[in-house]
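The values are calculated or read from the model by the stated rules, or taken from the named source; none is laboratory data. A quick note: this is a predicted structure, and the numbers were derived from the prediction, not measured. Here the Cβ positions follow ideal geometry from the backbone for every residue, glycine too, while neighbour counts run over all protein chains shown.
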Amino acid sequence: MINFVKNIYPMQKNILYITFILSLLSLNVVKASPTLSISFDAVSSDDQSVTAQTQFEGSAPIEVTFHMTLTDADDWTCNYEWRFCHEGGNLDEPYMIRYDESPVVTFSQAGTDSIALYAKFTRGEEEILFKREYWTATKPLTIKASESSLTFPNAFSPNNDGKNDTFKPKSFQSITEFNAKIYNRWGQKLYEWNDVRENGWDGTFNGKAVKQGTYFIYVKARGADGREFTIKKDVNLLRDHNAYGTTVSE
C-alpha cells in the first residue's frame, strides 16, 4: 500500500515541494531601494539654452526648470524639497526651499548657486534619506550667472547690406536693467529702447533715414552683480561705409 501511494502521487509531492521552496525564497527576496536623479533645462538672457544638464554658466537673468527622476519608488512614500544655497553655503541652511515637483526659478544675481533635492522615502518602518551627506558625495546641481559687462561700438553703417546695419551693444552679459537713448546734435531724442537684447537703432527717425553724421548715445544699465553702467559717447553713422565695420571701441 505504501509503495502504491508513492507510485501514484509522485507528481503531487514534487509540486508541493517546489511550492514550499518558492515560499521560502520569497521571504528572502530583497526589493530594490528607491533612487533619484535631478537635472534642469536653462535659458540665459543671451539666448543660450541647455536641456537635461547638471551644470550651466550664462548671462543673467537665467530661467531654469528643474526635474527629478525617481526609480524603484512605486511602493514607497516620498517627501521632497528643493534646496538652494549660494556658493560656499550650507544646504542644511538654504536661502530658498521649493516644494513643487518641477520648480521654475529665475537667477538674477551674479555668482554660483548649488541646488539639491532633499528626499525621504518611507515604507512601513523603513526609511531612506537623501540629504546633505548624499549630495556632498554626489555633487548638487550648479548654476553660475556671469559677472556683468556692457560695451558699445563707436559707429555703424545702416546701408542695408546686412552688416552692422543697427546700432546696438557690441557685447553684454548679465544685464538686468537697461535704458538707452539716441540724440542728435541739437539734443533731440531720436530713439529709445529698454531691452538690451533688442536690435537697437536702425538710423531712422519717424520712419525716415537720418543724415550721415555724428549722434550721441546715453545709456543707464545695471548688472546682476549690482554693477551700474553709465555710458555717454558719440555714435558715427556712416551710410556710405560698405565694409563689415569701422574700427570699434568702447
* If you take the residues of the range 56-99 that are in contact with an Asp or Glu (Cβ under 6 Å, 6 or more places away or on another chain) and without any contact (Cβ under 8 Å) to a residue 24 or more places away in the chain, which of them is surrounded by the most Cβ atoms within 10 Å (Cβ to Cβ)? -> ILE97
* **Qualifying position, being outside the structural domain of GLU177 (by TED's automatic domain parsing), modelled with pLDDT of 95 or more, over 20 Å from SER37 (Cβ atoms) and not polar (S, T, N, Q), among GLU63, GLU87, GLU125** => GLU63
* Taking strands (runs of 3 or more DSSP E) that do not extend beyond the range 145-250, which have at least 2 residues that are among the hydrophobic types (A, V, I, L, M, F, W, C)? -> 175-183, 189-193, 213-223, 228-237
* Mind listing just one residue for me: the one in the range 187-208 that is at pLDDT 95 or above and among the hydrophobic types (A, V, I, L, M, F, W, C) and, of those, farthest from ALA224 (Cα to Cα)? => PHE205
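What's the total number of residues in the range 167-187 that are surrounded by fewer than 15 Cβ atoms within 10 Å (Cβ to Cβ), under 19 Å from PRO153 (Cβ atoms) and of a type in the set (D, E, K, R)? Step through it out loud before you land on a result.
At the first step, the residues of the range 167-187 found to be surrounded by fewer than 15 Cβ atoms within 10 Å (Cβ to Cβ) are 170-171, 177, 179, 185-187.
After this cut, where a residue has to be under 19 Å from PRO153 (Cβ atoms) as well, the list is 170-171, 179.
After this cut, where a residue has to be of a type in the set (D, E, K, R) as well, the list is 170.
Final tally of qualifying residues: 1.
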